[in-house]
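First the structure, in the form of structure tokens, and then the observations on it.
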Amino acid sequence: MYDSDKPVLEVKGLKTHLTTKNGVSKAVDGIDFSLHKGETLGIVGESGCGKSMTSLSILRLIPSPPGKIVDGSILFKGKNIVEMSEDQLRKIRGNEISMIFQEPMTSLNPVIPVGEQIAEALRLHQKLGKKDAWQNSIEMLKLVGIPSPEKRAKQEPFQLSGGMRQRVMIAMALACRPEVLIADEPTTALDVTIQAQILELIKKLQAKIGMGVIMITHDLGVVAETCDKVAVMYAGNIVEHAPTEQLFSDPKHPYTKGLLNSLPRIYEDQDELATIEGNVPSPYHLPEGCRFASRCAHREAICDRKLPELIEQSDGVKVRCWMYTDQWALHEEKEEVL
Amino acid sequence: MQAQTRKVILQVDHLKQYFPVKTNSLFKPKNYVKAVDDVSFKLYEGETLSIVGESGCGKSTTGRAILRLDEPTSGKVHYSGKNILELNKRDMRKLRGDLQVIFQDPFASLNPRQTVKQILNEAMAIQEVVPKKERLERLLELLSYVGLPPESLSRYPHEFSGGQRQRIGIARALAVDPRLIICDEAVSALDVSIQAQILNLLKKLQRQFGLTFLFISHDLSVVRHISDRVMVMYLGKVVEIAEKKSLFDQSFHPYTQALLSSIPVPNPKLNRDRVILKGDIPSPIDPPKGCRFHTRCPFVMDRCKTEEPELREVKANHFVSCHLV
Ligand SMILES: Nc1ncnc2c1ncn2[C@@H]1O[C@H](COP(=O)(O)OP(=O)(O)OP(=O)(O)O)[C@@H](O)[C@H]1O
Ligand code: SF4
Ligand SMILES: [Mg+2]
């Protein structure tokens, strides 16, 4: 039997690489995290760092070719998704693990009334009869705050506003009461007042269903307001993993610090913003050592020699940076002797 | 700065931009999207005025109408004593040297087949500001202003990152010695660490050349950082306009309040009283009667549903259009 104290989802050493005519892109290059029921994990990082590839890998939805999971395991309630058959996967997708996207039309069929689409998922996964499925579908639409749900259920996606489509997608994702919800930039395309509504809605439904949520975003504000813990990604790696409060009050990795410093503050005047000079390395040509080294102010010779590992500190925060290892002190002493 | 002593560089009066909407019936009356519906404001020399609001509120349309990228339906735009909207093609082209624009997606606005050198040269040629012999010198100068290395000249846009491309866009705008730059979501597509670089650059250039910015953005944290004054729009109307400090210290319009409280703040310890609005943004084709915000306003009164509020000064230089205040 699956033990409920254990994480519902555990990702270990996940590597997803893409082989294209330009070479091999190490989009996801050794990712570890776990998620418990009722918990929200944030995955943040800049464009192209591998957030979406990570989340698509969990449901084995990476476009293939060019993508392939080349290493690692993804344990859902103890079973390894990487080794499952397509049949087994279909039973999990949209049922036990659901996903919502930035663009709702990626998961909605444009020519089928939205109520139908939700009912269909319920018939398939929950084995409900036609009438019950329809009734439940309308319940879900009501739950996500769609006005006059009976009427809206009969409309096709294009007859709804962007905010409403986003809600329909959430209703569909949650109809089968999943244990894990993966939300990839669920509110990025929406206006802030609508974003506030949707985030509140996800929180409320999470409390009701008790699911674990993976919230993928580039918006640190969204992370601060919705997540229990955060993984910061940079060039295919997690560089810092910490409880949300700690990440914001005591960031450790130079990249995390730089990221937080470069944010314009809404409650404070700043004359000049701190910046991180330079650019992210290409996933096709990653350096041998620390991937942040070319932009890092603390860079030492050791940083260029070898990629640091993600190491747990005494306060439980995990960091991938040579400064937080024993070698760093040794290294500094050696430099002094020389 | 005292409002009385500031010099007005651009004045917009009763600007309207109605776009016709196609109907599929001959007999249906023609519909219009009232994208900008009677908007007036002044722009002072050397300041940054931001326009904020949600998608479809008319921010970009206002910017485009000022530049006549789309011909506005009616209104006036005065710049150095002349109504821009009445200028002929030749005079308008001359004016383009003073008024420049930087867009959100620099890639879409840069010709992929031109090198940086060609792009910048073309901009200078149109305005005939620099004699041919001095152009190379000027090109290198422009690159140094925006922090690009000289060897960028022979490269093509696709060889640059998003942030670098935005620098090319800025260099192109600077090429003609403008006085006013309209920045339409100029940093919205950039990652935060790169966004910070570009915001710093814009501020530096403003000080260096005494530029005036009309900064259009949906991101209130960015707006707070860059602006002197802020104008909030909702469904084609100005709902509030004030000095930045005044607006962020105390906003009066319920929409501005909701907008400010909706921004996710990167500080998990902060406990805010959040105003969460109900409902969606209505269609600008058939905007609500009376106050356009009344369908989502938490304080709506009977009067709001029929009577349109006027923009009134509630504090020095702080204007609001709401029946509550
Ligand atoms: N179909 C593809 N072919 C080749 N490379 C791809 C493909 N899709 C994604 N990549 C690459 O994989 C890497 C990771 O991409 P991913 O979409 O996971 O980034 P992300 O963190 O989600 O970024 P964003 O914030 O822009 O959504 C990037 O370098 C990207 O260019
Ligand atoms: S490992 Fe070195 S280069 Fe990388 S972040 Fe740490 S100090 Fe900087
Ligand atoms: Mg993504």
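The values are calculated or read from the model by the stated rules, or taken from the named source; none is laboratory data. In this text the structure is predicted, and so the values were computed from the model without any measurement. Reconstructed Cβ throughout: ideal geometry from the backbone, glycine too, with neighbour counts over all protein chains shown. Calculation scope for accessible area: heavy atoms of the full protein, side chains included, ligands and nucleic acids excluded. Shrake-Rupley method; radii C 1.70, N 1.55, O 1.52, S 1.80 Å.
Suppose a student asked you for the relative contact order of the range B:33-150, using Cα pairs under 8 Å spaced at least 6 residues apart; what percent would you report? Intermediate values should be presented prior to the final figure.
Numbers: 45 pairs, mean separation 14.5, N = 118.
Relative CO of the range B:33-150 lands at 12 percent.
Just how far, in whole angstrom, is the range B:260-284 from the range B:25-74 if you go by their alpha carbon centroids?
Between the Cα centre of the range B:25-74 and that of the range B:260-284, the gap is 25 Å.
Size of the dipole of the range A:108-177 about the Cα centre, Lys and Arg at +1 and Asp and Glu at -1 on the beta carbon, nothing else charged, in debye to 20? Don't skip to the end; give the middle numbers.
Details: 11 positive and 6 negative charges, 19 e Å.
Roughly 100 debye, rounded to the nearest 20.
Using a Gaussian network model of chain B whose springs link C-alpha atoms within less than 10 Å, name the residue from B:S74, B:S193, B:S152 with the highest mean-square fluctuation.
Looking only at B:S74, B:S193, B:S152, the largest GNM fluctuation is found for B:S193.
Pop out a list of residues from the range B:253-279 that are at least 50 Å² less accessible with all the protein chains around than in their chain alone; 1.4 Å probe, no ligands or nucleic acids counted.
Output list: B:S262, B:P264, B:V265, B:P266, B:P268, B:K269, B:I276.
Whenever you get a sec, compute what percent of the accessible area on chain B sits on carbon and sulfur atoms (1.4 Å probe).
Values: 7600 of 15230 Å².
Ligands and nucleic acids excluded, carbon and sulfur give 50 percent.
Looking at the protein assembly as shown only, what percent of DSSP beta bridges run antiparallel? Nearest 5 please. Intermediate values should be presented prior to the final figure.
Numbers: 58 of 94 bridges.
Antiparallel: roughly 60 percent of the beta bridges in the protein assembly as shown.
What residues does the range B:216-233 have that are buried by at least 10 Å² of accessible area in the full protein assembly compared to the chain on its own, 1.4 angstrom probe?
Residues meeting the cut-off: B:H218, B:S221, B:R224, B:H225.
Using DSSP, restrict attention to beta bridges with both residues in chain A and report what percent are antiparallel, rounded to the nearest 5. The partial results should precede the final answer.
Working: 29 of 48 bridges.
The antiparallel proportion sits near 60 percent.
For B:L324 and A:T19, what does the FRET efficiency come to when R0 = 41 Å and r is the distance between their Cβ atoms, rounded to the nearest 0.05?
Values: r = 61 Å, r/R0 = 1.49.
After rounding, the FRET efficiency stands at 0.10.
With a Förster radius of 45 Å, plug the Cβ-Cβ distance of A:D271 and A:K127 into 1/(1 + (r/R0)^6) and report the FRET value to the nearest 0.05. Mind dumping the intermediate values first?
Working: r = 63 Å, r/R0 = 1.39.
E between A:D271 and A:K127, to the nearest 0.05, is 0.10.
How tilted is helix A:130-143 with respect to the longest principal axis of chain A? Cα atoms for both, answer in degrees (0 to 90, nearest 10).
For helix A:130-143, the angle is close to 50 degrees.
Write down the accessible area per residue of the range B:188-238 in Å², having rolled a 1.4 Å probe over the full set of protein chains. Mind showing how you got there, number by number?
On the way: 1210 Å² over 51 residues.
Per residue, the range B:188-238 has 24 Å² of solvent-accessible surface.
Just want the answer: with Cβ charges of +1 for Lys and Arg and -1 for Asp and Glu, which residue in A:P281, A:V144, A:L199 is farthest toward the dipole's positive end in chain A?
A:V144
Quick check: from the Cα gyration tensor, does chain A come out rounded (a/c under 1.5), prolate or oblate? Working shown, then result.
Details: a/c = 2.16, a/b = 1.75, b/c = 1.23.
Since a/c reaches 1.5 and a/b is larger than b/c, the shape of chain A is classed as prolate.
Relative contact order for chain A using alpha-carbon pairs under 8 Å, separation at least 6, rounded to a whole percent? Show your work: numbers first, answer last.
Details: 591 pairs, mean separation 65.2, N = 338.
Relative contact order of chain A: 19 percent.
Rounded, prolate or oblate: pick one for the range A:133-182, where a ≥ b ≥ c are the square roots of the eigenvalues of its C-alpha gyration tensor, a/c under 1.5 means rounded, and failing that, prolate if a/b is larger than b/c, else oblate.
oblate
At a probe of 1.4 Å, how much accessible area disappears from chains B and A on forming the pair, both sides counted, to the nearest 100 Å²? Spell out each step's value before the answer.
Values: alone 17000 and 17090 Å², together 30560 Å².
Chain pair B/A: roughly 3500 Å² of buried accessible area.
If amide H atoms are built 1.01 Å from N in the plane of the peptide, which residues on other chains or at least 5 residues away come under 5 Å of the amide H of A:L190?
The list, which skips near neighbours in sequence, is empty: none.
Once each part is reduced to its C-alpha centroid, what is the distance from the range A:171-236 to the range B:214-258 in angstrom?
Result: 27 Å between the Cα centres.
Select from B:K244, B:K34, B:K89 the residue whose mean-square fluctuation is largest in a Gaussian network model of chain B (Cα-Cα springs shorter than 10 Å).
B:K89
Give me the residues in the range A:239-269 whose solvent-accessible area, probe 1.4 Å, is reduced by at least 30 Å² once all protein chains are included instead of the chain isolated.
Residues shielded by partner chains are A:E245, A:F248, A:S262, A:L263, A:P264, A:I266, A:Y267, A:D269.
Report, for chain B, the % of DSSP beta bridges that are antiparallel, rounded to 5.
Values: 29 of 46 bridges.
Once the DSSP bridges in chain B are tallied, antiparallel ones form about 65 percent.
Out of the total accessible area of chain A (probe 1.4 Å, heavy atoms of protein only), what percent is carbon and sulfur?
Values: 7670 of 15330 Å².
Within chain A, the accessible surface is 50 percent carbon and sulfur.
Please report the spacing between the Cα centers of the range A:95-116 and the range B:175-197 in Å, no decimals.
35
What accessible area per residue, rounded to a whole number of Å², is obtained for the range A:108-177 using a probe radius of 1.4 Å?
Dividing the accessible area of the range A:108-177 by its residue count gives 48 Å².
Which whole-number percentage describes the relative contact order of the range A:116-246, with Cα contacts under 8 Å and a sequence gap of 6 or more? Could the numbers behind the result be given before it?
Values: 128 pairs, mean separation 23.4, N = 131.
Once normalised by length, the contact order is 18 percent.
Going down the list A:K15/A:K203; B:K244/B:K305; A:K131/A:K154, which pairs span over 22 Å between their C-alpha atoms? Mind dumping the intermediate values first?
Numbers: A:K15/A:K203 30 Å; B:K244/B:K305 30 Å; A:K131/A:K154 14 Å.
Beyond 22 Å: A:K15/A:K203; B:K244/B:K305.
GNM on chain B, C-alpha springs below 10 Å: top fluctuator among B:L270, B:L110, B:L311?
So, out of B:L270, B:L110, B:L311, the one fluctuating most is B:L270.
In Å², and per residue, what accessible area does the range A:1-49 have when probed at 1.4 Å with the other protein chains present?
Values: 2240 Å² over 49 residues.
Each residue of the range A:1-49 exposes 46 Å² on average to a 1.4 Å probe.
Extending each Cα 7 Å along its Cβ direction at B:D70 and B:D105, get the distance between those two points in nm, one decimal.
It works out to 1.7 nm between the two label points.
What spacing in nm lies between the two simple spin-label points modelled at A:D32 and A:I112, each 7 Å away from Cα in the Cβ direction?
In this crude spin-label approximation the distance works out to 4.1 nm.
What do you get for the angle between helix A:162-174 and the principal long axis of chain A? Use alpha-carbon atoms, 0 to 90 degrees, nearest ten.
It works out to around 90 degrees.
Please state the shape class of the protein assembly as shown: rounded when a/c is under 1.5, otherwise prolate if a/b exceeds b/c and oblate if not, all from the C-alpha gyration tensor. Working shown, then result.
Values: a/c = 1.81, a/b = 1.18, b/c = 1.54.
Oblate, because a/c is 1.5 or more while a/b does not exceed b/c.
Helix A:326-337 sits at what angle to the longest principal axis of chain A, using alpha carbons and giving 0 to 90 degrees rounded to 10?
Roughly 20 degrees, rounded to the nearest 10.
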